1. Kindly provide the set of residues from segment 206-259 that are charged (D, E, K, R) and over 25 Å from Thr492 (Cα atoms), ordered by number.
2. Name, by its number, the condition in (1) buried (at least 18 other Cβ atoms within 10 Å of the Cβ); (2) assigned to a strand (DSSP E or B) that does not hold for Ala97.
3. Filter segment 441-458 down to the residues that are over 20 Å from Gly342 (Cβ atoms) and of a type outside the set (Ser, Thr, Tyr), then identify the one that is farthest from the chain's Cα centre (by Cα).
4. Condition check: part of a strand (DSSP E or B), in contact with a strand residue (DSSP E or B) (Cβ under 8 Å, 6 or more places away or on another chain) and buried (at least 22 other Cβ atoms within 10 Å of the Cβ). Does Met362 satisfy that?
5. I'd like to know if segment 94-101 contains one or more residues that are modelled with pLDDT under 95, assigned by TED's automatic domain parsing to the domain that holds Val35 and in contact with a Leu (Cβ under 6 Å, 6 or more places away or on another chain).
6. If only one of Ile567, Ile540 is in the same structural domain as Ala453 (by TED's automatic domain parsing) and crowded, with 20+ Cβ neighbours inside 10 Å, which one is it?
7. Kindly indicate whether any position in segment 479-489 is surrounded by 24 or more Cβ atoms within 10 Å (Cβ to Cβ), at negative phi and in contact with a strand residue (DSSP E or B) (Cβ under 7 Å, 6 or more places away or on another chain).
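The values are calculated or read from the model by the stated rules, or taken from the named source; none is laboratory data. Everything numeric here is computed off the predicted structure, so don't read it as measured data. Cβ placement follows ideal geometry from the backbone for every residue including glycine, while neighbour counts extend to all protein chains displayed.
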Amino acid sequence: MSKKRFFSLVIGVILAGMLLASSKGQPPAALTGVVTSDAEGRMEGVLVTARLEGGNISVTVVSDAQGRYSFPANRLQAGRYILAIRAVGYELPGQTAVEIETNKTRHADIKLAKAKELASQLTGGEWMTSVPGNEKQKRALFHCDTCHSLDVIAKSTYDAEGWLSTLPRMQFYWFGNSMITQPIPPPRPTKQAPVDPELAKYLSSINLSGGRTTWTYELKTFPRPRGADTKVIITEYKLPRSGSMPHDVAIDREGNVWYDDFQSPNIGRLDPRTGKVKEWTLPVLKPGHPEWSQSMDLDKEGNLWIPRFYQGCSATMFDIKTEEFHTLSAPAEYNGDHASCGQGMVAPNGTVWLSEQRSGMMFELDPKTGTVRTFAAYPPGAPKFTGPLSPLFYFGVDEKFGGDEARYHFTYGGAVDSNGDPIYCDIGGSTIAVLDHTTGQVTLYSTPTPNSAPRRGRIDTGGHFWFGEWMASQLGMFDPKTKNIKEWRPPTPWSGLYSAAGDRNGDAWAGGMSTDYVYRLNSKTGEWREYLLPTLGGQIRDIRIDDSGTPERVWVPLDHAGIIAKIEPLE
């Protein structure tokens, strides 16, 4: 046999083997198709979501430059699926359902129509870009997006006088866990903040007051995802309990997702493999006080630690093996009726740190010995938060409309480094604080951008502290070695970055409260990725990275939607 005939035979056998293997294996996709519209033809950047009928798990992919979308075969089991889309300015006429069969590829093209109403599709960031106003006016308006979407304001018909009577009600339900459908009164009686007539006048100028049927300004939208921003799979898990508001998440060694709740005394465990959820109720420490929480962390044994916020300066541990609760508390003199330790973190050595905003104190709780050490969270003489303030002006500005003269320090989220020193955000003073746990000395490092309002952050494997700058809509990084802070601004404005974390590859991740984007930054090149979530207005207050697989999986809770989302980049 000649060499030519031999190699031809070998190639033929290889090709035949490949075809045979392909015929026996899974098809390349469970569901695929092309997204089009009369206005654009084939559409890139359309989010296509498939939800198993009657189930709580939704899977989303994004159409490519040719308008093609494709669900991998291992992401959709056999069954009937309801399809949905997200593409600002467009809608899917009617309800579309498809039947998925095992080992078969279902083809379903999608044709979109122009949306009948654009305003209901806008994110908070798009409203902020659309409405007129100077920096101080928009800074005040931006706070409203914490409790509800800005279309509530834009669609209202209050004139200036009407706003003067409405703003006190907004100030009463001021805390971030209040929603239009689930208002939460303040944890204790509050002093009524004065209402500025200029603010009322401004709000009446951007809504539908005076008999207007449309706005005097153009509604601006952000572009749909393009290129690498479409290379992602997003899985959303709808929590079964009505009114669920997951604030934080934590990932255990088995891949389960734990969460706490911003409106109720519940903690829960989500099994991402099945979508099953189990919940437990936190013990009451102070009857008559709010029982919800907004922070949580896992220790090395996999046990859950939850700061108890208005239940006092205490941390409750949930033993995942025995399913029992154990609580450690700060000394009685720091644990009165007005104590509020909402933020906490587990140190590498196993101690638990709590921050108390009113007194400006930090507490180190040792679960092994039961001892508690007390530290000042700020240098001597630093102005402390005394609150409460109006929702439009809290976190670093005074009660006069748009003012920023009254600066005070207000501890928020952070982490503990490998030396045992807490690094935490000072949202009111716009600094990053470092506490030397051996000497008690605190050093403050100001962010390069004034009034940035750093909110929450985490330490990566290299020791860098990544954090979100909420009011500046930027990502920040504090380097403990150089004592320098660097800042990056994502391409999409008004992101309202809340929390941030670094992954094993050196990328940084953050969630946009006001844009529904999960952001990914290559800090070496400055290149951004923006992964749009399928749920509108979910609000992201936490972000966790699961580095156990390849590629990494990023988890965010959507507290206004009762959803926990998993983001899996494909490149």
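1. Quick first cut of segment 206-259, residues charged (D, E, K, R) only: 212, 218, 220, 224, 226, 229, 231, 236, 238, 241, 248, 252-254.
Within segment 206-259, Arg212, Lys238, Arg241, Asp252, Arg253, Glu254 meet the criteria.
2. Exception for Ala97: condition (1).
3. Within segment 441-458, the subset over 20 Å from Gly342 (Cβ atoms) is 441, 443-452.
This time we only want the ones that are of a type outside the set (Ser, Thr, Tyr), so: 441, 444, 448, 450-451.
On the way: Gln441: 32, Leu444: 26, Pro448: 24, Pro450: 23, Asn451: 21 Å.
So the residue we want is Gln441.
4. On the way: part of a strand (DSSP E or B): yes; in contact with a strand residue (DSSP E or B) (Cβ under 8 Å, 6 or more places away or on another chain): yes; buried (at least 22 other Cβ atoms within 10 Å of the Cβ): yes.
Yes: the conditions hold for Met362.
5. Yes, there is a match, as at least one residue in segment 94-101 is modelled with pLDDT under 95, assigned by TED's automatic domain parsing to the domain that holds Val35 and in contact with a Leu (Cβ under 6 Å, 6 or more places away or on another chain).
6. Values: Ile567 fails: in the same structural domain as Ala453 (by TED's automatic domain parsing).
Step by step, each of Ile567, Ile540 is checked, and only Ile540 is in the same structural domain as Ala453 (by TED's automatic domain parsing) and crowded, with 20+ Cβ neighbours inside 10 Å.
7. First, pick out the residues of segment 479-489 that are surrounded by 24 or more Cβ atoms within 10 Å (Cβ to Cβ): none.
No, there is no match, as no residue in segment 479-489 is surrounded by 24 or more Cβ atoms within 10 Å (Cβ to Cβ), at negative phi and in contact with a strand residue (DSSP E or B) (Cβ under 7 Å, 6 or more places away or on another chain).
Here's the yes/no breakdown for (1) crowded, with 17+ Cβ neighbours inside 10 Å; (2) assigned by TED's automatic domain parsing to the domain that holds Arg169; (3) modelled with pLDDT of 75 or more:
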| residue | (1), (2), (3) |
| --- | --- |
| Ser355 | yes, no, yes |
| Phe375 | yes, no, yes |
| Tyr378 | yes, no, yes |
| Lys384 | yes, no, no |
| Leu392 | yes, no, no |
| Ala415 | yes, no, yes |
| Ser418 | no, no, yes |
